[in-house]
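Data block below; observations after.
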Amino acid sequence: MKILVTGGAGFIGSHLCETLVKQHHKVICVDNFCDFYNPKIKENNLKELNKYPNFKFYNIDIRNVTELNAVFSKEPFDLMIHLAAMAGVRPSIENPQLYFDVNITGTVNLLEFCKKYNVKKIIFASSSSVYGNNHKVPFEESDPVDNPISPYAATKKSGELICHTYHTLYNMSIACLRFFTVYGPRQRPDLAIHKFTNMILNDEPIPVFGDGTTQRDYTYIDDILDGITKCIDYVFFGNKYQIFNLGESSTISLVEMISTIENTLNKKAKKNILPMQAGDVNRTFANISKSKKLLNYNPQTKFTEGIKKFIDWKLQTQ
C-alpha cells in the first residue's frame, strides 16, 4: 500500500512512518520543517527513515497547492494519514490566524487533492482539546463539543466537520482520531513532560500552573501507533465516517506527573507556582469503549513505565 503521511517528520509522524515502512508499506512523507521548534529535531527524526527504499520525503507546506498538486499527481496514494498541523493550545491564542490558516485551509487543500486524485481512505488527527472543559467524564465521542476554549481546539473541531462534509459529498471513508496527550521518545520539547525533564536536569525551576490538581489522560506513543494502524484496516472496509478517542482511559494529576519524573530521575524539582493559563482545560479523560469495540484498540503502557522509557531515551540522546 502507498500511504501519504502529512506532518511525518514530527513526533507522532516519524514514529508512524517507521512503523509503516517496517510493515512494508510505501510511505510518502510531507512536512515543512516549520520553526515552531528547532527544525533540526525533525531532521534527526528522519535519519533512520531515509535509509529505507520504501520511504520518500517532500519538504512541502500544506498551504502550497502547487507543490501539493505535484506530489499527488506523481504519487498515486491508497491512503492519507493527515497529522500536519500547527500544534499547541497556548501558542494558538497568541497567533490564531496562523492556526486557522494551516489547520483549516491546509486540511481543505489536502481533501481537495484527495477528491481530485481519487484518494478515498483518510485518517485525520484530531485532539482531545475539542472537548474543552466538558464536565461529563470520561469523554465520549458522542458528547457535544461545541464549546472549544482555544483557537487550536476550534481548528481541530473544524477539521472533523470538514472531513464529514467530504465524506458525505465524495464518498470518502474517513476516521478522525482524538489523541489524548501523547508522550514518549521524540516528544516535542515544548510539551510539559519533555520541558519539565529538561528543566529538572538543568536545575531550573519548572512552571506549575494552578494548584497541581489538573489532570491529563497521558497516552504513550506506542499505544497511539497501535490505534492508528488498526484504524487503517477500519477505513478500508466500506464508506464510513467515525470519530475515535485514543487515550489510556486513566488520569494523572499535574502533581503526580511531576512526582513520577522526579522519582525516575531521582532528583527533586524546583517549582515556580503560577496562575492557571488561558486555554488550559481542567481535565482530559478518554472513554475508549468505542475504540476497543470497533478498532480492537487496547492501550498497554502504564504511566510510570512510559515515563521511564521517555527518560531513558532522553538521557541517551543528551
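The values are calculated or read from the model by the stated rules, or taken from the named source; none is laboratory data. Small disclaimer: the values here were computed from a predicted structure and weren't measured. Note: ideal-geometry Cβ built from the backbone for every residue, glycine included; neighbour counts use all protein chains shown.
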Residues being surrounded by 18 or more Cβ atoms within 10 Å (Cβ to Cβ) and charged (D, E, K, R) - total across segment 142-165: 3
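Being of a type in the set (S, T, N, Q), closer than 16 Å to K116 by Cα and outside any strand (DSSP E or B) is the filter here, so list the residues in segment 170-185 that pass it.
N171
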Failed item in (1) part of a helix (DSSP H, G or I); (2) exposed (fewer than 15 other Cβ atoms within 10 Å of the Cβ); (3) touching a helix residue (DSSP H, G or I) at 6+ places or on another chain (Cβ under 9 Å); (4) not basic (K, R), with N69 passing the rest: (2)
One residue from R90, R63 being part of a helix (DSSP H, G or I), in contact with a Gly (Cβ under 9 Å, 6 or more places away or on another chain) and under 27 Å from F180 (Cα atoms): R90
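Please go through segment 72-87 and pick out each residue that is charged (D, E, K, R) and not in a loop (DSSP other than H, G, I, E, B). Break it down into steps so the answer makes sense when it comes.
Let us first name the residues in segment 72-87 that are charged (D, E, K, R), namely 74-75, 78.
K74 - this is the single residue of segment 72-87 that is charged (D, E, K, R) and not in a loop (DSSP other than H, G, I, E, B).
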Which numbered condition H24 fails, given (1) part of a loop (DSSP other than H, G, I, E, B); (2) at pLDDT 95 or above; (3) under 19 Å from the mean Cα position of the chain (by Cα); (4) not acidic (D, E): (3)
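Restricting segment 125-153 to residues that are of a type in the set (A, V, I, L, M) and in contact (Cβ under 8 Å) with a residue 40 or more places away in the chain, which is nearest to M172 (Cα to Cα)? Full working, then the answer.
Keep residues of segment 125-153 that are of a type in the set (A, V, I, L, M), which gives 125, 130, 137, 145, 149, 153.
Applying the additional criterion that residues be in contact (Cβ under 8 Å) with a residue 40 or more places away in the chain yields 125, 130, 137, 149, 153.
Details: A125: 16, V130: 23, V137: 31, I149: 30, A153: 24 Å.
Out of the qualifying residues, it is A125.
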Output for segment 27-60, where each listed residue is within 20 Å of Q187 (Cβ to Cβ) and in a helix (DSSP H, G or I): P39, K40, I41, K42, E43, N44, N45, L49
Cβ pairs under 9 Å, 6+ apart, first in segment 101-124 and farther than 15 Å from F72 by Cα and part of a helix (DSSP H, G or I), second at pLDDT 95 or above and basic (K, R): D101/R63; V102/R63; N103/K156; T105/R63
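Does segment 168-175 contain at least one residue that is crowded, with 21+ Cβ neighbours inside 10 Å and more than 16 Å from the chain's Cα centre (by Cα)? Break it down into steps so the answer makes sense when it comes.
The first filter runs over segment 168-175 and keeps only residues crowded, with 21+ Cβ neighbours inside 10 Å, leaving 172, 174-175.
Now restrict to residues that are more than 16 Å from the chain's Cα centre (by Cα): 172, 174.
Taking every residue of segment 168-175 in turn, at least one turns out to be crowded, with 21+ Cβ neighbours inside 10 Å and more than 16 Å from the chain's Cα centre (by Cα).
Go over the candidates K195, K157, K136 one by one and state the one that is more than 25 Å from K40 (Cβ to Cβ), within 18 Å of the chain's Cα centre (by Cα) and either of a type in the set (K, R) or in a loop (DSSP other than H, G, I, E, B) (or both).
Working: K195 fails: more than 25 Å from K40 (Cβ to Cβ); K136 fails: within 18 Å of the chain's Cα centre (by Cα).
Going through K195, K157, K136 in turn, the sole match is K157.
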Residue match in segment 282-290 (condition: under 16 Å from Q215 (Cβ atoms), hydroxyl-bearing (S, T, Y) and either touching a residue at least 24 places away in the same chain (Cβ under 8 Å) or surrounded by 12 or more Cβ atoms within 10 Å (Cβ to Cβ) (or both)): yes
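One line per residue, one yes/no per condition, for (1) of a type in the set (D, E, K, R); (2) under 23 Å from K26 (Cβ atoms); (3) exposed (fewer than 15 other Cβ atoms within 10 Å of the Cβ):
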| position | (1), (2), (3) |
| --- | --- |
| I60 | no, yes, no |
| M86 | no, no, no |
| V89 | no, no, no |
| S92 | no, no, no |
| C114 | no, yes, no |
| K121 | yes, yes, no |
Residue within segment 291-307 that is touching a residue at least 40 places away in the same chain (Cβ under 8 Å) and basic (K, R) present: no
All positions within segment 123-141 that are surrounded by 20 or more Cβ atoms within 10 Å (Cβ to Cβ) and at pLDDT below 95: G132, N134
Only one of I273, I193, I228 that is of a type in the set (A, V, I, L, M, F, W, C), touching a Phe, Trp or Tyr at 6+ places or on another chain (Cβ under 9 Å) and buried (at least 20 other Cβ atoms within 10 Å of the Cβ): I193
